[in-house]
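All remarks here apply to the structure that follows.
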Amino acid sequence: MNSDAPTPSARIIDGRASAARIRARVARAVETLKREHDLVPGLTVVIVGDDPASHVYVRQKGEQTREAGMVSDTIRLDADTPEDELLRLIARLNADARVHGILVQLPLPAHMNADAVIAAIDPAKDVDGFHVQNAGRLSVGLPAMVPCTPLGCRILLEETLGDLSGLEAVVVGRSNIVGKPMAQLLLASHCTVTIAHSRSRDLPALCRRADILVAAVGRPEMIRGDWISPGACVIDVGINRVPTRDPELAAQGKTRLVGDVAFDEALSVAGHITPVPGGVGPMTIACLLMNTVTAAARAHGLDPEAILAD
Ligand code: NDP
C-alpha cells in the first residue's frame, strides 16, 4: 500500500440501517391504524412494459409494502397498452377508497405522455410526489406528498448533522424527481441552497462551497475528491452501472454499481458520505411506505405525524 495515500476520514452513512428503522416505524404505524381505526393502508403500483430494472424495483416495492402490513397490489400492463386505457385505470384507482397510494412506475413506453399520466393521479394518492400540485405545495411550504428519494436524503442529513439551518447546500442536478424537490426540502430546512446543472460554470468551485453536497446527476464518479470541501456531508444519489474493476470479469460483461461521486477520493476529504450501494437507494422505498401511511391517514382525517411518531 502506498504510504502517501490520504487516510480515509469520512464516516460512512448507513442508509440500510436508517431505512430499516423507517420500515419498522411504518409497520408500527400500520398496526396502530388497523387496531385503532380499522384502516389498512393500500398501495397500488402500475407498471407498463418489460423494462427489467423497473420490474425489479416494482417487486421490491410490493414485498416491502406487504412486510409492513399494508395491502400491496401490482398491475402489469403490456408495453403497447394505449394511453387512454392507463388513464381509465388511474381514474378507477382514484375512485377506490381501499387504494390510498397510486404509483405509476417510470419510465413509461415512448408512446405515453408521462406528464399527462402523472397529472391524472389524484394528488392525495400521489405517493411518488410527482404531481404538479404536490410540487407546488412543496415549493410554497404547504403539506405535500414529497418525492421519496429527496425525502430519504433529508432524513439521512438530519440524522447525520441534526439541525441543517444556515448550512451551505449545493445540489448538482435539477430533475423534477430528485434535484428540484431536494433543493426545496433543503430550503425548507433553512439551508442556503445552490442548484447546479449541466450549464453551470465552474462546477468544482460551486461544489467546494458546500457543507452539504447532493449529487443527482447520473454520471459515474463525476464529482472528484478535490471538488469537496473538507468535512462536507456528501449525499450521492447517483446509481450507475460500470464494468467491474477486474478486466477479465469486465470482459465477461460483469458490472458494479457506482455513484456520481468518486467515493475512494471523497473518503479522505468528506466528513460524512453515503456509499453506493447502501446509501440513498434503500431510503427511497422506505419513504414510499411512509408516504402511503401518510396518504391513508390523511384520507381518514388523521394526523400522519402523530400516527408515524415513534
Ligand atoms: P436526470 O437525468 O433526470 O437529471 C440529471 C441532472 O443532472 C440534470 O439536471 C442535468 O442537468 C444534470 N447534469 C447532467 N450532466 C451534468 C454535468 N456534466 N454537470 C452538471 N450537471 C449535469 O436524472 P435523475 O435526477 O432522475 O437521477 C439522477 C441520478 O440519481 C441517476 O443516477 C439516477 O439513477 C439516480 N437516482 C437514484 C434514485 C435512488 O433511489 N437512489 C432515485 C432516482 C434517481 P440539465 O438539467 O442541465 O440537463
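The values are calculated or read from the model by the stated rules, or taken from the named source; none is laboratory data. What you are looking at is a predicted structure, and each value in this text was computed from that prediction instead of being measured. Because the Cβ atoms are built from the backbone with ideal geometry, glycine has one as well, and the counts that use them run over all protein chains shown. Surface accessibility is based on the protein's heavy atoms, side chains included, excluding ligands, DNA and RNA. Shrake-Rupley method; radii C 1.70, N 1.55, O 1.52, S 1.80 Å.
Yes or no: Glu265 over 20 Å from Arg25 (Cβ atoms), touching a residue at least 12 places away in the same chain (Cβ under 8 Å), open to solvent by 50 Å² or more (accessible area, probe 1.4 Å) and touching a helix residue (DSSP H, G or I) at 6+ places or on another chain (Cβ under 7 Å)? For Glu265, the condition - over 20 Å from Arg25 (Cβ atoms), touching a residue at least 12 places away in the same chain (Cβ under 8 Å), open to solvent by 50 Å² or more (accessible area, probe 1.4 Å) and touching a helix residue (DSSP H, G or I) at 6+ places or on another chain (Cβ under 7 Å) - is met. Arg256 falls short on exactly one of the conditions (1) under 30 Å from Leu93 (Cα atoms); (2) surrounded by fewer than 24 Cβ atoms within 10 Å (Cβ to Cβ), and that condition is (1). Here is the figure for the stretch 103-156: residues that are over 13 Å from Val46 (Cβ atoms), open to solvent by less than 10 Å² (accessible area, probe 1.4 Å) and assigned to a loop (DSSP other than H, G, I, E, B) total 3. Residues in the stretch 70-87 that are free of Cβ contacts under 8 Å to residues at least 60 places away in the same chain and within 26 Å of Ala296 (Cβ to Cβ): Val71, Ser72, Asp73, Thr74, Ile75, Arg76, Leu77, Leu86, Leu87. Could we say that Ile90 is assigned to a helix (DSSP H, G or I), out of contact with any Pro (no Cβ under 9 Å at 6 or more places or on another chain) and either open to solvent by 60 Å² or more (accessible area, probe 1.4 Å) or in contact (Cβ under 8 Å) with a residue 24 or more places away in the chain (or both) here? The answer is yes for Ile90. Out of all the residues in the stretch 207-220, is one or more open to solvent by 10 Å² or more (accessible area, probe 1.4 Å), under 19 Å from Ala19 (Cβ atoms) and touching a helix residue (DSSP H, G or I) at 6+ places or on another chain (Cβ under 7 Å)? Looking through the stretch 207-220, at least one residue is open to solvent by 10 Å² or more (accessible area, probe 1.4 Å), under 19 Å from Ala19 (Cβ atoms) and touching a helix residue (DSSP H, G or I) at 6+ places or on another chain (Cβ under 7 Å). Hey, among the residues in the stretch 126-159 that are farther than 15 Å from Cys191 by Cβ and acidic (Asp, Glu), which one's nearest to the ligand (Cβ to nearest atom)? So the residue we want is Asp128. Restricting the stretch 160-177 to residues that are farther than 16 Å from Ala210 by Cα and loosely packed, with under 15 Cβ neighbours inside 10 Å leaves a set whose member that is nearest to the ligand (Cβ to nearest atom) is Asn176. Trp227 meets all of the listed conditions (1) within 10 Å of the ligand (Cβ to nearest atom); (2) surrounded by 22 or more Cβ atoms within 10 Å (Cβ to Cβ) but one, namely (1). Taking the criterion of being under 30 Å from Leu87 (Cα atoms), open to solvent by less than 60 Å² (accessible area, probe 1.4 Å), modelled with pLDDT of 95 or more and within 11 Å of the ligand (Cβ to nearest atom), would at least one residue in the stretch 187-202 satisfy it? Scanning the stretch 187-202 turns up no residue that is under 30 Å from Leu87 (Cα atoms), open to solvent by less than 60 Å² (accessible area, probe 1.4 Å), modelled with pLDDT of 95 or more and within 11 Å of the ligand (Cβ to nearest atom).
In the stretch 180-201, the residues that are more than 18 Å from Ile155 (Cβ to Cβ) reach residues that are more than 12 Å from the ligand (Cβ to nearest atom) and of a type in the set (A, V, I, L, M) with C-beta atoms within less than 7 angstrom, at least six apart or across chains, in these pairs: Thr192/Ala169.
For the stretch 245-296, which residues satisfy the criterion of being over 30 Å from Ala97 (Cα atoms) and of a type in the set (Gly, Ala, Ser)?
Narrowing the stretch 245-296 to residues over 30 Å from Ala97 (Cα atoms): 245-281.
Matches in the stretch 245-296: Ala250, Ala251, Gly253, Gly259, Ala262, Ala266, Ser268, Ala270, Gly271, Gly278, Gly279, Gly281.
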